[in-house]
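> Here you go, one structure.
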Amino acid sequence: MAQNVFSWLDERLGLKAIYDTVLDRKVPKVNWWFTLGSASLFLGALQGITGILLSVYYVPTPDHAYDSITYIMTGVQFGWLIRGLHHWGSSLLILTAFIHMLRVFFYGAYKYPREFTWITGVALLISALGMGFTGYLLPWNQRSYWATTVGTEIAGTVPGIGDFILRVLRGGTDLSAVTLSRFFSLHIWIIPVIALATVLTHLYMVIRLGISNIPDKDS
Amino acid sequence: MSRKYRSPVMDRRSFVKIVTSALGSLMAAVVGLPVIQYFISPAFGKEAGDDWISLGTLEDYPFNTPTLFNFTLTKINGWERSSQSYGVFVLREEGKEVVVFSDVCTHLSCRVNWNPEKEGYFCPCHAALFDKHGNVLSGPPPRPMDRYETKLDGGQLFIHLREG
Ligand code: HEM
Ligand code: FES
């Protein structure tokens, strides 16, 4: 039965072909450092899932943000687990992505024809940092508030256009309800959508070009 | 891989497949099962309110005319405090025990009003009429108006408010 359903779908969708290209690729002999990209992908997916779950209860307004997080932690069963995964996952993701980048760098895997893969990777790391920066404000506690005050103030020190950047980030001169709302929008829609498109491009490049060898003495 | 590492039981491919699906299922379960609780737990929160509410001095209520008493209670739903308003009709009659009715229509929960001309409680939503003692005279409600348990304490009238 399952076999029949599968072959019916496969005949129309070409599932086997997708499986073969995506998972049954030829890869050179590699080591554990080569697993970090997949680890980052897994953590990114986990952030997406736990983030969507947090949005079931979280409310991005100054009067309710903090209380809604408290409710997640104390009022909802397993709220601590979902928030905990999202909280620790964000740091771990940046760690895995960063070490993944170091591996690519030290193995020279960024060279022709993989320069564009590297560029999309840099965009992904910046997106992850952007997610961390915008997400940090959302609990709207003292730490969030002052961290974002400092973070936006730093952006404001850029010569010439600093004040402009600061105002655009905050949605005005002060850190306010407007700031919280736009950080929320960036955090759950704008950056994730951009990051998803970039992840798909990154993976497409990896599949299309194959993984590079570990360089030997001659190279 | 050299020959001496070959397992007689299974090849490397099936081993990796089994380990991957086992670990994958484990991780999916660790997140997936709590998620069900995470979603449904607010639906079965604490059994709310069980309180005796004072309606003031019994002597202040007139005889034979149902009199509306309004009060509000603060409720906490998740992260929000909101006040909910209640209305009850107090009916005092000579030689009878005082009766307190809820103003919530037993049809679909609109609020009924006392209508002196019709000598009854009228529900504007689907034109139901209850008599002074809460019995259905006309309209769709399936049962008479709900009554609260009452008690008197030092001349004060109390009703027992139970919800949840
Ligand atoms: C690269 C992926 C992501 C990273 C690095 C990230 C990072 C963060 C960080 C650092 C926080 C603050 C958590 C805390 O201090 O407790 C946070 C909160 C939050 N995130 Fe994300 N996040 C990611 C993806 C997402 C996605 C895709 C969504 C929703 C679609 C989401 C929804 C939320 C919500 C609702 C909060 C507020 C709850 C809280 O602060 O605990 N996140 N995120
Ligand atoms: S709700 Fe009162 S008549 Fe329908």
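Computed from the coordinates by the stated procedures, all read-outs in this text should not be read as laboratory data. Being a predicted model, the structure only gives us computed values, none of them experimental. Ideal geometry is used to build each Cβ from the backbone, glycine not excepted, and the neighbour counts take in all protein chains shown.
> Grab every C-alpha pair in region A:1-84, bin the distances at 10 angstrom width from 0 up to the longest one, and report whole percents.
Reading upward from the zero bin: 14, 24, 20, 23, 17, 2.
> Taking the radius of gyration and the Kirkwood hydrodynamic radius from Cα positions alone, what is the Rg/Rh ratio for region B:5-118, to two decimal places?
1.48
> With springs only between Cα atoms under 10 Å, which of A:Val122, A:Val59, A:Val150 fluctuates most in a Gaussian network model of chain A?
The residue that fluctuates most here is A:Val150.
> Also, quick follow-up: Regarding the protein assembly as shown, what's the average projected area of the Cα-atom convex hull, expressed in nm²?
It is 34.8 nm².
> While we're looking at this one, here's another question. Choose one of B:Val136, A:His86, A:Gly210: the residue whose Cα lies farthest towards the positive end of the charge dipole of the protein assembly as shown (beta-carbon charges +1 Lys, Arg; -1 Asp, Glu; about the Cα centre).
The residue sitting most towards the positive pole is A:Gly210.
> At B:Glu149 and B:Arg111, where each label point lies 7 Å from the Cα along Cα→Cβ, what is the point-to-point distance in nanometres?
Result for the modelled spin labels: 2.6 nm.
> Taking N as the number of residues in chain A, what is its Cα Rg relative to 2.2 N^0.38 Å?
On the way: Rg = 21.1 Å, N = 219, 2.2 N^0.38 = 17.1 Å.
Cα-based Rg divided by the globular estimate yields 1.24.
> Would you calculate a helix-derived [θ] at 222 nm for chain B, using -39,500 (n - 2.57) for each DSSP H run of n ≥ 4 and dividing by the full residue count, to the nearest 500?
Details: 1 runs with 29 residues, N = 164.
Taking each H run of at least 4 residues, the total per residue is -6500 deg cm²/dmol.
> While we're on this one: Among the complete DSSP H segments of chain A, which ones combine at least 15 Å of alpha-carbon extent along their axis with a mean Kyte-Doolittle hydropathy of 0.5 or more?
A:36-54, A:79-106, A:115-137, A:191-209
> Still on this structure, I have one more. Would you calculate the separation in nanometres between label points at A:Glu115 and B:Glu59, each defined as 7 Å from the Cα along the Cα-to-beta-carbon direction?
According to this spin-label approximation, the distance is 9.7 nm.
> Here is a follow-up. Just tell me how shielded B:28-36 is by partners: mean number of partner chain Cβ atoms within 10 Å of each residue's Cβ, no decimals.
The per-residue average across the peptide is 3.
> Turning to a different aspect of this structure: Where a ≥ b ≥ c are the square roots of the eigenvalues of the C-alpha gyration tensor, would you call region A:81-200 rounded, which needs a/c under 1.5, or, failing that, prolate if a/b is larger than b/c, or oblate?
prolate
> Next question, about the same structure. Please state the charge dipole magnitude for region A:14-98, taken about the Cα centre, from unit charges on C-beta atoms (+1 on K and R, -1 on D and E), reported in debye and rounded to the nearest 20.
For region A:14-98, the charge dipole is close to 460 debye.
> Using the crude model of +1 on Lys and Arg Cβ and -1 on Asp and Glu Cβ, and no other charge, please compute the dipole size for region B:1-104 relative to its Cα centre, in debye to 20.
2060 debye
> Moving on. Just how large is the dipole of chain A about the Cα centre, in debye to the nearest 20, putting +1 at every Lys and Arg Cβ and -1 at every Asp and Glu Cβ?
The calculation lands at about 420 debye.
> A follow-up question, please. Per 5 Å bin, what percent of the C-alpha pairs of region B:85-164 does each bin hold, from zero upward?
Taking all Cα pairs of region B:85-164, the binned fractions are 3, 15, 26, 23, 16, 11, 5, 1, 0 percent.
> Once Lys and Arg get +1 and Asp and Glu get -1 on their Cβ, which of A:Leu137, B:Val30, B:Pro66 lies farthest toward the positive end of the dipole of the protein assembly as shown?
Result: B:Val30, furthest along the dipole toward the positive end.
> Please name whichever of B:Asn115, A:Leu95, A:Ile52 sits farthest to the positive end of the charge dipole of the protein assembly as shown, dipole taken about the Cα centre and charges placed at Cβ: Lys and Arg +1, Asp and Glu -1.
Among B:Asn115, A:Leu95, A:Ile52, the one farthest towards the positive end of the dipole of the protein assembly as shown is A:Leu95.
> Still on this structure: Measure out, as a whole number of angstrom, how far apart the alpha-carbon centroids of region B:118-161 and region B:70-87 sit.
Each part reduced to its Cα centre gives a spacing of 22 Å.
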